[in-house]
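J.: Pasting a structure below so you can have a look.
The values are calculated or read from the model by the stated rules, or taken from the named source; none is laboratory data. No experiment lies behind these values; they were computed from the predicted model shown. Cβ placement follows ideal geometry from the backbone for every residue including glycine, while neighbour counts extend to all protein chains displayed. Keep in mind that these areas ignore ligands, DNA and RNA; they rest on the heavy atoms of the full protein, side chains included. Shrake-Rupley method; radii C 1.70, N 1.55, O 1.52, S 1.80 Å.
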Amino acid sequence: MVSPSSSWFSSLRSCSKCFYNSIKLNLRSSASHTYTRCSFNALPPLPPAINAFNRNTSSFSSWWSSSLLPLALAFSAGSLSLASDSNSSLCDARGVSLGGKDNTDFVVKGLYKKVPEELIHELKAICQDNMTMDYDERYSHGKPQHSFHKAINIPDVVVSPSSEEEVSKIVKLCDKHKVPIVPYGGGTSVEGHTLSPNGGVCIDMSLMKKVKALHVEDMDVVVEPGIGWMELNEYLEPYGLFFPLDPGPGATIGGMCATRCSGSLAVRYGTMRDNVISLKVVLANGDVVKTASRARKSAAGYDLTRLLIGSEGTLGVITEVTLRLQKLPQHSVVAMCNFPTIKDAAGVAIATMHSGIQVSRVELLDEVQIKAINIANGKNLPETPTLLFEFIGTEAYAREQTQIVQKIASKHNGSDFVFAEDPKAKKELWKIRKEALWACFAMVPNSEAMATDVCVPLSHLAELISESKKVLAESSLTCTVIAHAGDGNFHTVILFDPEKEDQRQEAERLNHLMVNAALAMEGTCTGEHGVGTGKMKYLEKELGVEALRTMKRIKAALDPNNIMNPGKLIPPHICF
């Protein structure tokens, strides 16, 4: 039987752990916030021995301070190493909602602290006219263009540095004043990466968009982070080169690095982590770090480049990127084929990858998405699951690949297999995929889109999409499926009325079901969109608490004042 004293001390240990963390957090921050929700009033009744001591002693508070408080802290130290995951839920939450474990809020709350006037004047001295406190500008930077995520606060000031030196000075000042920083690229991310839940300084990188050096013979280019991938490819085209990642229009190279994005060409060329050779990054203290040389491979030290790609601005601000380039293909063929079921279509995508063909794109659209395209563009395409392929190489090789895939498709009930080699015809076919999202909005006007981004091992793709389609068909919401079927990544565009809470909750329910289904198949909650605030709640289930604690240690070492895009990527309930 557990004694009353043992029970009481067990509760004390749990509460003292929160008290200990409150002290630890206060030591790290000059802000005078109360960071714990624990209350000693919530403890069970005192054991008889201690209760008698309390009645007979006038200096109970003195005894508490001198005797029991050290004991409480000692108990809490044991709790930190032995506590279950659920007991760590207040370690960094600070009483606010930042999208952590089991969180269902879509309005991200934060701790607002007014930016000091001294910092405003110092920033003005650096940025001159490239700084604004205009409300509309601040609001547009604090609300992502293509995301349903919102924050209770917006940035206090938006600065647009024009050089690495200016970025370093800005970051150093923000660190001195302990003011949050949110780096801003093209503003196209969908998971709330550029929200400013704590206010602070938004660093807009749009003025830093130079091509600093092009090495044609080495097939690499050095650029500033504000250049868009489409602008870069326009620059490279006369040299017969291109950068092979193709996310949404408007995405910038810096933001693409920060979110570790990919796109439809990733099945052939890999993701951002495979196409970045080196970075220059401003750390939280203002130091500028170069992560690697320009060599195509290196075994020198920790791979800081890969650490920072996908860090979402939580470890530093990217100021320079060295990218691996590819030769423009001699010839390409775009093909399209229809299928009776989504499982048949996914099966062909898998069979194509198993065949060894080096296909450059394999995109799957379900019948609802095709219907949206018909409505938006006045087309008359068969409203069935559809696959789009792109084959590249020499003219003979591209045609040979096309014929092989046509045979594979016919074995999986494929029909209406068409292909195009004429540039105009290819562009028209590929337009079907590129305009998919806008077609959704045309089909359901005044709606917002919640886009899932799950990715699973290729062998599970057909099963996951088939099971997801059954769930989507039963929902009252309009949902479409778009997949990068060659690498197991698929998106569901869930359309809902942002003014109707029941629809938002239904969209969240569908998203939750698909993410958990993917995780059960050894997949991921995000194949290419990144974590931001929207996917933090799934990371513990996907990666495990020890991996997240390791990330938190890295974050604390590089950013001890937690100024770099706080409230993103690492769930707030994680402590170490």
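J.: For the stretch 119-148, which positions are among the polar types (S, T, N, Q) and at pLDDT below 95?
T.: Here is the first cut: in the stretch 119-148, the ones among the polar types (S, T, N, Q) are 128, 130, 132, 140, 145, 147.
If the condition is that a residue be among the polar types (S, T, N, Q) and at pLDDT below 95, then S140, Q145, S147 are the ones that fit.
J.: Right, next: Counting only residues that are more than 21 Å from Q326 (Cα to Cα), give me the helices (runs of 4 or more DSSP H) lying completely in the stretch 247-300 with at least 1 of them. It would help to see each step written out before you state the result.
T.: Details: elements: 253-259, 266-269, 272-275.
Filter on the stretch 247-300 gives 253-259.
J.: If you go through the stretch 520-545 one residue at a time, how many are open to solvent by 20 Å² or more (accessible area, probe 1.4 Å) and of a type in the set (F, W, Y)?
T.: Counting residues in the stretch 520-545 that are open to solvent by 20 Å² or more (accessible area, probe 1.4 Å) and of a type in the set (F, W, Y) gives 0.
J.: Next question. Pick from the stretch 193-240 the residues that are part of a loop (DSSP other than H, G, I, E, B) and of a type in the set (S, T, N, Q): which of them is modelled with the highest pLDDT?
T.: Of the stretch 193-240, the ones part of a loop (DSSP other than H, G, I, E, B) are 193-200, 205-210, 216-219, 224-227, 240.
If we keep only those that are of a type in the set (S, T, N, Q) as well, we get 194, 196, 198, 206.
Values: T194: 94, S196: 94, N198: 94, S206: 97.
Checking each candidate, the answer is S206.
J.: Residue check: is A436 of a type outside the set (F, W, Y) and within 28 Å of L539 (Cα to Cα)? Talk me through it step by step, then tell me what you get.
T.: Numbers: of a type outside the set (F, W, Y): yes; within 28 Å of L539 (Cα to Cα): no.
Spelling it out, it is not the case that A436 is of a type outside the set (F, W, Y) and within 28 Å of L539 (Cα to Cα).
J.: Which ones in the stretch 546-565 are open to solvent by less than 20 Å² (accessible area, probe 1.4 Å) and either without any contact (Cβ under 8 Å) to a residue 24 or more places away in the chain or β-branched (V, I, T) (or both)?
T.: Matches in the stretch 546-565: I563 only.
J.: Now a separate question. Would you mind finding the one in A266, A251, A292 that is in contact with a helix residue (DSSP H, G or I) (Cβ under 8 Å, 6 or more places away or on another chain), without any contact (Cβ under 8 Å) to a residue 40 or more places away in the chain and not charged (D, E, K, R)? Spell out how you get there, then give the answer.
T.: On the way: A266 fails: without any contact (Cβ under 8 Å) to a residue 40 or more places away in the chain; A251 fails: without any contact (Cβ under 8 Å) to a residue 40 or more places away in the chain.
So the residue among A266, A251, A292 that is in contact with a helix residue (DSSP H, G or I) (Cβ under 8 Å, 6 or more places away or on another chain), without any contact (Cβ under 8 Å) to a residue 40 or more places away in the chain and not charged (D, E, K, R) is A292.
J.: Report whether or not V276 is β-branched (V, I, T), touching a residue at least 60 places away in the same chain (Cβ under 8 Å) and in contact with a strand residue (DSSP E or B) (Cβ under 7 Å, 6 or more places away or on another chain).
T.: On the way: β-branched (V, I, T): yes; touching a residue at least 60 places away in the same chain (Cβ under 8 Å): no; in contact with a strand residue (DSSP E or B) (Cβ under 7 Å, 6 or more places away or on another chain): yes.
Judged against the criteria, V276 is not a match.
J.: Take the stretch 522-545 and flag every residue that is aliphatic (A, V, I, L, M) and touching a residue at least 24 places away in the same chain (Cβ under 8 Å). Don't jump to the end; show me each part of the working.
T.: Our first condition is that a residue be aliphatic (A, V, I, L, M); within the stretch 522-545, this holds for 531, 536, 539, 543, 545.
If the condition is that a residue be aliphatic (A, V, I, L, M) and touching a residue at least 24 places away in the same chain (Cβ under 8 Å), then V531, M536, L539, V545 are the ones that fit.
J.: Under the condition of being among the small types (G, A, S) and open to solvent by less than 10 Å² (accessible area, probe 1.4 Å), which residue from the stretch 265-310 is nearest to T194 (Cα to Cα)? Before you say what the answer is, go through the steps one by one.
T.: Step one: of the stretch 265-310, the residues among the small types (G, A, S) are 266, 270, 278, 284, 286, 292-293, 295, 298-301, 310.
Within this subset, residues satisfying the condition of being open to solvent by less than 10 Å² (accessible area, probe 1.4 Å) are 278, 284, 286.
Numbers: S278: 24, A284: 17, G286: 20 Å.
Among residues in the stretch 265-310 that are among the small types (G, A, S) and open to solvent by less than 10 Å² (accessible area, probe 1.4 Å), the one nearest to T194 (Cα to Cα) is A284.
J.: Still on this structure, I have one more. When residues of the stretch 206-225 are filtered for being open to solvent by less than 10 Å² (accessible area, probe 1.4 Å) and within 24 Å of the chain's Cα centre (by Cα), how many remain?
T.: The initial filter retains those residues of the stretch 206-225 that are open to solvent by less than 10 Å² (accessible area, probe 1.4 Å), namely 208, 220-221, 223, 225.
Restricting the remaining residues to those that are within 24 Å of the chain's Cα centre (by Cα) gives 208, 223, 225.
Total meeting the criteria: 3.
J.: Is there a residue being within 22 Å of R324 (Cβ to Cβ) and surrounded by fewer than 24 Cβ atoms within 10 Å (Cβ to Cβ) anywhere in the stretch 158-169?
T.: So far as the stretch 158-169 goes, yes, one or more of its residues are within 22 Å of R324 (Cβ to Cβ) and surrounded by fewer than 24 Cβ atoms within 10 Å (Cβ to Cβ).
J.: Moving to a separate point now. In the list E312, E237, which residue meets the criterion of being over 21 Å from I563 (Cα atoms) and acidic (D, E)?
T.: Values: E312 fails: over 21 Å from I563 (Cα atoms).
The match here is E237.
J.: Considering only the stretch 107-152, state which residues are within 30 Å of Q505 (Cα to Cα) and assigned to a loop (DSSP other than H, G, I, E, B).
T.: Listed by number, the residues that qualify are K109, G110, L111, Y112, K143, P144, Q145, H146, S147, F148, H149, I152.
J.: Scan the stretch 235-261 residue by residue and report those that are open to solvent by 50 Å² or more (accessible area, probe 1.4 Å) and either more than 16 Å from M219 (Cβ to Cβ) or not charged (D, E, K, R) (or both). If you could, list the steps in order and put the result at the bottom.
T.: Applying the first criterion (open to solvent by 50 Å² or more (accessible area, probe 1.4 Å)) to the stretch 235-261 yields 235, 237-239, 249, 260.
Matches in the stretch 235-261: Y235, P238, Y239, P249, R260.
J.: Yes or no: K568 within 30 Å of V362 (Cα to Cα), of a type in the set (D, E, K, R) and open to solvent by less than 20 Å² (accessible area, probe 1.4 Å)?
T.: On the way: within 30 Å of V362 (Cα to Cα): no; of a type in the set (D, E, K, R): yes; open to solvent by less than 20 Å² (accessible area, probe 1.4 Å): yes.
Criteria not met by K568.
J.: So G378 passes all but one of these: (1) small (G, A, S); (2) farther than 23 Å from G263 by Cβ; (3) touching a residue at least 24 places away in the same chain (Cβ under 8 Å). Which condition number does it fail?
T.: (3)
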